[in-house]
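A quick write-up on the structure given underneath.
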Amino acid sequence: MSIEKREARQPWILLTPALTAILLLLVVPLMFIVVYSFWLKSAVGADTPGFYLDNWQETLTDPFYRDILLNTLKIAAVTTLVCAVLGYPAAYFIARSKGNKLILLVLLMLPFWISYIIRTMSWINILGVSGALNSVLLWTGIINEPIQMLYNETTVIIGLVHFLLPFMVLNIFVSLDGIDRNLEDAASSLGATRLQGFFQVTLPLSMPGLAAGGLLCFVLAAGTYITPVVLGGPRDAMFANLVYEAIIRQLNWPLGSALSLLLLMVLGVLVAIYNRYLGMAQLAKGLG
């Protein structure tokens, strides 16, 4: 074998373990889900193999699924926007800190050391009728009786922001930390104020990190089901809750497979549009 052929095969040899893992853990299960989506659940509970479009017809035509899907995308978008507004100042503060940057990053990573479910359920002790916030308001005399603050769309968004905010901060921080400070000094030397330098130099250069964090937060928020179950009410179910309900409680794998594929396709289209107008190469710069 010539040296050229050996060098050409070497990258593929190195990629073989990763590609094998992706094939076995992602592609093959996804193919099973695709096949299951065309089966039918019979009246006796057993799945009927075949090629039936009933599940897809129900999924695509029933307004119930459409409304929950739109509500899921709305909640994910609002969560992403709130994470961006709250995350950018925090990331900027960490990136411009001197001497204690490592400590701040460790503090930022601390939530990842606690179970996501425990973090979500902690809001019950904060916002519940007998929770910390109601107790403080009653003690200060601001209210005379506890306020029901749980089990609505707002608390779902609060729980998602609590979960996803570190992802946004980390993405923006990486982008801000890679900006040459001399560019800001150059803008100042040319007569720009600090505010002008931020909006004309720092913010545009940090947009890849903000875009990467936004995409990550949106996809994770749209695919979650724990937060709506714990903090939401009956009217605040998200699309992933429908998948959980169909597969785990109803044992209707064919319908659950169709629902999960629909969510996957919708998010895939949104990511493709995101890539069309922003470009994944720009996102990579935010993480580089």
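FYI, it's all coordinate maths here, none of it is from the lab. All of these numbers come straight from a predicted model, not from anything done at the bench. Backbone-built Cβ (ideal geometry, glycine too); neighbour counts: all protein chains shown.
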Lys41 long-range amide H proximity, modeled H, under 5 Å: Thr48
Among Trp139, Trp253, rank each residue by its count of other Cβ atoms within 10 Å, from fewest to most, as a rough exposure measure. Trp139, Trp253
What length, rounded to one decimal in nm, is gained on full extension from Phe112 through to Leu23, with 0.36 nm per residue of separation minus their alpha-carbon distance? 29.2 nm
Along each principal axis, Cα extent of the stretch 16-155, largest first, Å: 63, 51, 24
In whole Å, what are the Cα extents of the stretch 181-248 along the three principal axes, biggest one first? 62, 19, 13
Can you give the extra length, in nm with one decimal, that the chain gains between Asn100 and Ala77 once fully stretched, where that is 0.36 nm per residue apart less the Cα-Cα distance? 5.0 nm
I'd like to compare 144-156, 214-226: which one has the highest average count of other Cβ atoms within 10 Å, and what's the full order after that? 214-226, 144-156
Please arrange Ser37, Ser135, Ser175 by how many other C-beta atoms lie within 10 Å of their C-beta, fewest to most. Ser135, Ser37, Ser175
List the pair-distance distribution P(r) of the stretch 9-88, using every Cα-Cα distance, as the percent of pairs falling in each 10 Å bin from 0 up to the bin containing the longest distance, rounded to whole percents. 14, 21, 25, 26, 13, 1
Over all alpha-carbon pairs of the chain, lay out the pair-distance distribution in 10 Å bins, whole %, shortest bin first. 6, 19, 25, 24, 16, 7, 2, 0, 0
Binned at 10 Å from 0, what are the whole-percent values of the Cα-Cα distance distribution for the stretch 77-205, short to long? 11, 29, 28, 19, 11, 2
Nearest-0.05 FRET efficiency for Gln57 and Val35 at R0 = 30 Å, using Cβ-Cβ distance, is 0.95
The answer for the chain, counting only DSSP H helices whose Cα atoms cover 24 angstrom or more along the axis and whose Kyte-Doolittle average is 1.6 or greater, is 153-177, 203-222
What residue among Ala258, Ala222, Ile68 has its Cα farthest toward the positive end of the dipole of the chain, where the charges are +1 on Lys, Arg and -1 on Asp, Glu, each on the Cβ? Ala222
Work out how much length Phe93 to Glu245 would gain on full extension: take 0.36 nm times their residue separation and subtract the Cα-Cα distance, in nm to one decimal. 50.5 nm
